[in-house]
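Read-outs: derived from the displayed coordinates by stated rules, not from any lab. All of these numbers come straight from a predicted model, not from anything done at the bench. Cβ sites come from the backbone with ideal geometry, for glycine too, and all protein chains shown count toward neighbours.
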Amino acid sequence: MQDIMDRLTDRLLPLASKLAENKYLTILRDAFMLALPFTMFGSIVTVIINLPFFPAETKALFSTLLGNGVSGTMSIMTLFVTFGIGYYLAKNEQVEAVFGGAISLASFLILQPFLTTAPSGEAVEGVLSVSNLGAEGMFVGLISAFLSAKIYCWVTNQGWQIHMPESVPEGVAKSFASLIPVFVTLAIFVIINAIFTTGLHVTVNEFIYHTIQQPLTGLGSSLPATLIAIFFIQIFWFFGLHGQTIINSVMDGIWMPLMLENLAAYQANKALPHVISKAFMETFTVGLGGTGMTLIVVILMAFVMKSKQMREIGRIAVGPGIFNVNEPVIFGLPIVLNPIAAIPWIVTPIIVTTFNYVVMTLGIFPLPTGVQVPWTVPVIISGFLATNSWLGGLLQLIDMAIVAVIWYPFLKVMVRLKKKQ
């Protein structure tokens with residue numbers, strides 16, 4: 001067993017280190033974190049508007065009064081992510097970060113069709129479709145933000161700038177210094193947009209959405225791909241590495257659009273298209289006590305296991321565990337590099353996620369609506385908020401029961417070993 005552990009460590013640690021240190025994945029993660037407060041605000045407004053015990057007239061009134069709180073945050077999430085990518089990439093390249101963010105945002109908007117269709121079927125010019133600024137435009141935003149920011153940084157680092165005398169105010173000097181990089185970058189994106197719309201007779205959004213985004217989100221929304229992601233999250237944590245930071249920096253670009261598509265369908269009173277989404281992953285994996293769904297595990301340790309050491313660790317870990325912070329048990333039990341804990345730690349989330357996927361697909365339990373509940377919200381409450389139904393909280397309780405059944409015999413083995421020691 002130890003030999004196998006050593007081999008896994010030797011192979012996985014270099015891979016994990018490379019992923020964790022990859023600057024583009026770090027920038028992408030930070031950009032999504034920049035958008036997080038806005039999506040959380042939009043989620044809370046959505047929950048208030050759609051509380052199940054409100055009559056239809058009250059929901060309609062709240063939608064009129066509060067609806068812009070969603071439209072101005074979650075519905076245009078791609079704008080925040082796009083700005084964040086440009087900002088953090090420029091900061092990483094040690095050039096003026098604010099202009100990097102603004103250029104990425106402008107480049108993304110240049111690629112958008114300022115044309116939409118009214119309910120009557122009439123084409124309306126000079127209007128941006130909100131859907132293109134949300135889920136459908138996410139991949140265009142990611143690609144255009146990275147490309148434009150790299151061009152801006154490259155031109156700036158070549159020294160193609162207008163330098164003003166020292167007597168000129170700093171803000172004016174920075175604007176003139178960025179003038180040539182901005183012109184070059186935006187001109188390239190105007191040409192790209194012209195090639196697609198005039199030469200290929202398709203918008204960049206349509207091209208990227210159908211050739212890249214739909215296939216990737218289709219793959220990311222599948223159960224096998226989700227279980228692979230969960231497997232690696234658990235493996236990395238087992239070796240003491242932050243699995244969410246490593247894997248989510250890759251998968252959030254897929255799970256976020258799925259969540260936004262669910263939200264759009266929910267607001268339109270349509271069937272929710274996806275079981276797997278960012279909201280599903282937050283609520284029915286991390287939302288059960290942190291990575292590995294360990295809230296019920298620490299409860300068993302604190303109040304059931306007959307080991308003084310385990311009880312002390314469990315009681316310390318219960319408080320943070322209620323709010324889905326479980327480093328105390330990961331490093332205190334420990335789970336890290338513990339061969340006995342390895343099996344339930346890796347297998348349990350895979351079994352529970354498969355169970356949740358099946359019962360939601362069969363319609364027994366509701367799907368997450370697309371509302372992003374803060375990951376620190378306690379179990380049951382988060383399930384209710386994410387699904388807008390008490391059944392979401394009930395499903396979390398069932399999940400915890402499954403976790404308890406799987407973990408219990410392994411905890412008993414650990415108790416016996418501690419007594420021998």
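Table for the structure above
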| quantity | calculated |
| --- | --- |
| Cross-link partners of Lys419 among lysines (Cα-Cα below 28 Å; sequence separation of 8 or more within a chain) | Lys306, Lys308 |
| Which labelled figure in [x] 21.8; [y] 25.4; [z] 29.7 is mean projected area of the Cα convex hull in nm², once derived from the coordinates | [y] |
| Segment 302-314 - phi-based ³J(HN,Hα) in whole Hz, Karplus 6.51/-1.76/1.60, Gly and Pro as x | 6, 10, 10, 5, 9, 9, 4, 4, 5, 5, 5, 4, x |
| Integer Hz, Karplus 6.51/-1.76/1.60 couplings in order for segment 123-135, x for Gly and Pro | 6, 10, 8, x, 10, 8, 6, 4, 4, 6, 9, x, 5 |
| Under 12 Å from the Cα of Lys174 - aspartates and glutamates, other chains or at least 8 residues apart | Glu96, Glu166 |
| Where labels lie 7 Å past Cα in the beta-carbon direction, separation of Trp154 and Tyr408 in nm | 6.1 |
| Estimated FRET transfer efficiency when R0 is 30 angstrom, pair Phe355-Phe41 (beta carbons, to 0.05) | 0.40 |
| Net charge of Cβ neighbours under 15 Å - reference Ser131; Lys, Arg +1; Asp, Glu -1 | -2 |
| Sequence-distant lysines (8 or more away, or on other chains) whose Cα lies within less than 25 Å of Lys59 | Lys270 |
| Pairwise centroid distance, computed over Cα atoms, of segment 194-223 with segment 155-181, Å | 37 |
| Segment Ala60-Trp390, extension gain: residue separation times 0.36 nm, minus the distance between their alpha carbons | 116.6 nm |
| Size of charge dipole - the chain - debye, nearest 20, with Cβ of Lys, Arg +1 and Asp, Glu -1, no other charges | 1760 |
| Contact order relative to length of the chain, as percent, for alpha carbon pairs under 8 angstrom and 6 or more apart | 14 |
